[in-house]
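A short write-up of the structure that comes next.
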Amino acid sequence: MELLKAEHITKSYDSRIIIRDINIHLDEGELVSLLGLSGSGKTTLFQAISGLTRPDTGKITLAGRDITGEPGHMSYMLQKDLLLEHKKVIDNVSLPLVIRGIKKNEARKQAQPYFEKFGLEGTEYKYPSQLSGGMRQRAALLRTYLCNCPAALLDEPFSALDMITKGQMHTWYLDMISKIQLSTLLITHDIEEAILLSDRIYIMTGKPGEVHHEIFIDRPRDERSDFNLDPEFLQYKHQIMDILGQ
Amino acid sequence: MKRKPESIRNKLLPVGTFILILLIWWGISVSGLIPSYMLPSPVSVGEAFIKDFSNLITHALVSVQEAIYGLIIGVLLAFIIATLMDRFETLEKALLPILVVTQTIPTIAIAPLLVLWMGFGMAPKITLVVVTTFFPIAVGLLDGYKSVDPDEISLMRSMRANRLQIFWHVKLPAALPYFFSGLRVSASYAVVGAVISEWLGGFDGLGVYMTRVRKAYAFDKMFAVIILIIIVSLLLMAAVDLIKSLMMPWTKQTRKE
């Protein structure tokens, strides 16, 4: 079922068009990547879809409802984990519940069971500054998940991590996704990350940014652990690099 | 393991310097280069401090009271005004230059006016403390509110947080470190502010007492008062640090993983 749909999105700043006539959609339970080089307008599209800015033209619908320019319908996660340093990890992840009016203790109780699932057990009552970069991103994803929004937007969530941690996070994330059904739009400039994690990839090219290419990754999610060592993986990579190199 | 001796050395160094200064002071006064009625020796200052102790404390309590009342009012006022200025940009534009100008007014110049307007009681002293302590706290808070990462506010908005929730969960905690460094500066100003305004008239307080012993040429007692002012200011700053560590427990934790 089509969950999120962005139609004919155009946005310009200071009379310079950043993205033009973008049409993408996200089905329920799907993980779709939006792949583009730096400066291709990915973040502009992200802001338009999340409702933080209103596109010049076009429409965003979530489960059939027009949400153009309205924040608060989708959860999102950035490269910066944006954990609040003054709150313990459990209070950080349960913040969306508290904002909705749930009492702090009740919110903690609701968040607690997810710590094990997300590989965060034992960190509940630590402060974010006591966690490593990878663990912080896990906590940020748990907070995103507890927003309990129908769709999540991830804007280069792993790009600040070192190579090894990033690899671990990808494995962890694939494992996570099989446990939680989170419909996700992942914005990334990392070709391998896009192939490894996505069901489908949109490629953003040109200036202003436009989406003309869509690639389906056929490998089932539970067979992805060594996917990046597979010849098929390289074929996808080739295909994408050709498109980006145009 | 190397850390501990180093931290001890770091503490010993200033103590050593302090003792050295005392020794030089003592040497000068013993040598007779400067007559003892002008520069009393540290020993006679120490004696005056002990002999005069109960008297000093009575006066100190008054000054401390003025300083603390002034600080509390200054903090409340700074909090209200800084928060409003952060909320309404027009207000910030209108007030900030004026705040900066008020900061350049020499306290010592307005103190006599305050006494003239408010009499010899506590009111002019507290007012002067408010005037001196308000600015560092207000500016600290204002900077603190602005230090918030705009992405954090966007994230809160994406969770549909209202303005008050954003203030409570994000802005206020981000401003706390700035607030406390402002408060620390203000706490040291507060005692000095109270003492200066007491010079110009009043019935009790370290400033009043200072004027009295100065007129009697009891310079050893005067030095004793100065030392007490230093001690009181340091205690007040230590109290601020204590409140800070209680209110900001997360700053004590260090990275472990």
Out of the residues in the stretch B:159-184 meeting the condition of being out of contact with any Pro (no Cβ under 9 Å at 6 or more places or on another chain) and of a type in the set (K, R), tell me which one is surrounded by the fewest Cβ atoms within 10 Å (Cβ to Cβ). B:R163
Scan the stretch B:116-132 for residues that are among the hydroxyl-bearing types (S, T, Y) and at pLDDT 90 or above and jot them down. B:T127
Check whether at least one residue in the stretch A:73-84 is over 30 Å from A:D242 (Cα atoms) and more than 9 Å from chain B (Cβ to nearest Cβ), and report yes or no. yes
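For (1) assigned by TED's automatic domain parsing to the domain that holds A:M1; (2) crowded, with 16+ Cβ neighbours inside 10 Å; (3) free of Cβ contacts under 8 Å to residues at least 60 places away in the same chain; (4) within 22 Å of A:A160 (Cα to Cα), each residue gets a yes or a no:
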{"position": "A:T44", "(1), (2), (3), (4)": "yes, yes, no, yes"}
{"position": "A:R54", "(1), (2), (3), (4)": "yes, no, yes, no"}
{"position": "A:G69", "(1), (2), (3), (4)": "yes, no, yes, no"}
{"position": "A:E85", "(1), (2), (3), (4)": "no, no, yes, yes"}
{"position": "A:V89", "(1), (2), (3), (4)": "no, yes, yes, yes"}
{"position": "A:V93", "(1), (2), (3), (4)": "no, yes, yes, yes"}
{"position": "A:P96", "(1), (2), (3), (4)": "no, yes, yes, no"}
{"position": "A:I99", "(1), (2), (3), (4)": "no, yes, yes, no"}
Got at least one residue in the stretch A:25-43 being farther than 23 Å from A:H189 by Cβ and either within 14 Å of another protein chain (Cβ to nearest Cβ) or outside any loop (DSSP other than H, G, I, E, B) (or both)? yes
Restricted to the stretch A:102-127, and to residues that are in a helix (DSSP H, G or I) and within 21 Å of the chain's Cα centre (by Cα), which residue is farthest from the other protein chains (Cβ to nearest Cβ)? A:K117
When you check A:E223 against the structure, is it surrounded by fewer than 22 Cβ atoms within 10 Å (Cβ to Cβ) and not assigned by TED's automatic domain parsing to the domain that holds A:S40, yes or no? yes
Of all residues being surrounded by 14 or more Cβ atoms within 10 Å (Cβ to Cβ) and hydroxyl-bearing (S, T, Y) in the stretch A:175-192, which is farthest from A:D222 (Cα to Cα)? Just the residue, please. A:T188
Could you tell me which of the residues A:L161, A:L153 is in contact with a Leu (Cβ under 8 Å, 6 or more places away or on another chain) and surrounded by 15 or more Cβ atoms within 10 Å (Cβ to Cβ)? A:L153
Take the residues in the stretch B:206-257 that are in contact (Cβ under 8 Å) with a residue 24 or more places away in the chain and within 14 Å of chain A (Cβ to nearest Cβ); name whichever of them is surrounded by the fewest Cβ atoms within 10 Å (Cβ to Cβ). B:M247
Yes or no: B:K51 basic (K, R) and farther than 22 Å from B:G205 by Cβ? no
All positions within the stretch A:180-204 that are out of contact with any Ser or Thr (no Cβ under 7 Å at 6 or more places or on another chain), assigned to a loop (DSSP other than H, G, I, E, B) and more than 25 Å from A:F115 (Cβ to Cβ): A:D199
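Considering each residue of the stretch A:71-83, count those that are over 30 Å from A:D162 (Cα atoms) and touching a residue at least 60 places away in the same chain (Cβ under 8 Å), and give that number.
The qualifying residues number 1.
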Identify the single condition in (1) over 23 Å from the mean Cα position of the chain (by Cα); (2) modelled with pLDDT under 90 that B:V100 does not satisfy, given that it satisfies every other one. (1)
May I ask you to list the residues in the stretch A:136-179 that are under 22 Å from A:I90 (Cα atoms), within 14 Å of the chain's Cα centre (by Cα), part of a helix (DSSP H, G or I) and not small (G, A, S)? A:Q137, A:R138, A:L141, A:L142, A:R143, A:T144, A:Y145, A:M169, A:Y173, A:M176, A:I177
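The values are calculated or read from the model by the stated rules, or taken from the named source; none is laboratory data. This one's a predicted model, so the numbers in the text were calculated from it and none came from an experiment. Note that each Cβ is placed from the backbone with ideal geometry, even for glycine, and that neighbours are counted across all protein chains shown.
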